[in-house]
Amino acid sequence: EYLKYNCIRIFYASENKRPDFLICDYALSFDYIQKANHFRLPLYHLYIDGHGYYNKVTERITTEEARTKWKQKAKFCCMLVSNPNSKERIDFFNALSKIKKVDSGGRYLNNIGYEVEDKMAFIKDYKFVFAFENSSFPGYTTEKILEPLVANCIPIYWGNPLIEKDFNPSCFVNANNYDTYEALIKKLIEIDGKDDIAVAMIEQ
């Protein structure tokens, strides 16, 4: 329908889609495209502005403040998912759930008896939060890694292979760096058992 109009066309997608410059004049996307008519705008940037997270993501805290925040985490790990199509996310949920309980509060694989309405209020009590994207592509970074960081949780991230260009690699567990789920789970258990490692990550 939009091709019927004689106008400047600006492409934007909040999902993992490429702009086609044959049918658009400008584009805002996740991609690292070096063109004068393209601006990289990952979805998490819109959350920083739209949800007032700027002060939260730029604040510096002391080691003791980080330790206090970590000690307040009474639960191990959670996931909020409504999209059943990310095989990596579901496979890792099943693998980790065999070792320790993962609370799933979304519409898919819900195991807490109700659907979570306020994500930030829910995840703040957890040490680890699933931050698996729906798919993997260079530059494709949504709010999934940002929200756990705002809540002083440790994200378990999978997705953008270039995520360390966007976020400090010292503050999250990058599943992309582990060859097996077993190795990734071993790392999570290590962090869970050693407060000093966790506190250092929260401080970062």
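The set of residues in the stretch 74-113 being charged (D, E, K, R), under 24 Å from SER136 (Cβ atoms) and in contact with a strand residue (DSSP E or B) (Cβ under 9 Å, 6 or more places away or on another chain) consists of GLU88, ARG89. What number of residues within the stretch 26-53 are among the hydroxyl-bearing types (Ser, Thr, Tyr) and under 21 Å from ALA131 (Cα atoms)? Final tally of qualifying residues: 4.
For the stretch 63-82, the criterion of being of a type outside the set (A, V, I, L, M) and farther than 24 Å from GLU203 by Cβ is satisfied by at least one residue. When ALA151, ALA175 are checked against the criterion of being within 13 Å of the chain's Cα centre (by Cα), closer than 24 Å to ASP31 by Cα and open to solvent by less than 20 Å² (accessible area, probe 1.4 Å), a single residue qualifies: ALA175. If you go through the stretch 90-108, how many residues are within 17 Å of GLU133 (Cα to Cα) and either modelled with pLDDT under 95 or of a type in the set (Val, Ile, Thr) (or both)? Residues that pass the stated criteria total 4. Each residue in the stretch 178-199 was checked for being over 29 Å from LYS87 (Cβ atoms) and buried (at least 17 other Cβ atoms within 10 Å of the Cβ), and 1 pass.
Only a single criterion out of (1) open to solvent by less than 20 Å² (accessible area, probe 1.4 Å); (2) in a loop (DSSP other than H, G, I, E, B) is not satisfied by LEU109, namely (1). Whenever a residue of the stretch 119-140 is closer than 24 Å to LYS17 by Cβ, its partners that are in a strand (DSSP E or B) and open to solvent by 10 Å² or more (accessible area, probe 1.4 Å), lying with C-beta atoms within less than 6 angstrom and at least six residues away or across chains, give the pairs PHE132/TRP158.
Restricting the search to the stretch 173-204, which residues are in contact with a strand residue (DSSP E or B) (Cβ under 8 Å, 6 or more places away or on another chain) and either in contact (Cβ under 8 Å) with a residue 40 or more places away in the chain or part of a helix (DSSP H, G or I) (or both)? Walk me through it before giving the result.
From the stretch 173-204, those in contact with a strand residue (DSSP E or B) (Cβ under 8 Å, 6 or more places away or on another chain) are 173-176, 184, 187-188, 191-192, 198, 201-202; that's our starting set.
Matches in the stretch 173-204: VAL173, ALA175, ASN176, LEU184, LYS187, LEU188, ILE191, ASP192, ALA198, MET201, ILE202.
For the stretch 117-133, a residue qualifies if it is surrounded by fewer than 18 Cβ atoms within 10 Å (Cβ to Cβ), touching a helix residue (DSSP H, G or I) at 6+ places or on another chain (Cβ under 8 Å) and either among the basic types (Lys, Arg) or assigned to a loop (DSSP other than H, G, I, E, B) (or both), and exactly one does: LYS119. On the given criteria, is PHE137 surrounded by fewer than 19 Cβ atoms within 10 Å (Cβ to Cβ) and either on the phi > 0 side of the Ramachandran plot or of a type outside the set (S, T, N, Q) (or both)? Yes; evaluated as a whole, the condition is true for this residue.
Of all residues in the stretch 155-172, those satisfying the criterion of being closer than 16 Å to VAL129 by Cβ and either open to solvent by less than 30 Å² (accessible area, probe 1.4 Å) or free of Cβ contacts under 8 Å to residues at least 40 places away in the same chain (or both) are PRO155, ILE156, TYR157, GLY159, ILE163, PHE167, CYS171, PHE172.
The values are calculated or read from the model by the stated rules, or taken from the named source; none is laboratory data. All of these numbers come straight from a predicted model, not from anything done at the bench. Cβ atoms come from the backbone with ideal geometry, glycine included; neighbour counts cover every protein chain shown. Each accessible area value is taken on the protein alone, full model and side chains, heavy atoms only, with ligands, DNA and RNA left out. Shrake-Rupley method; radii C 1.70, N 1.55, O 1.52, S 1.80 Å.
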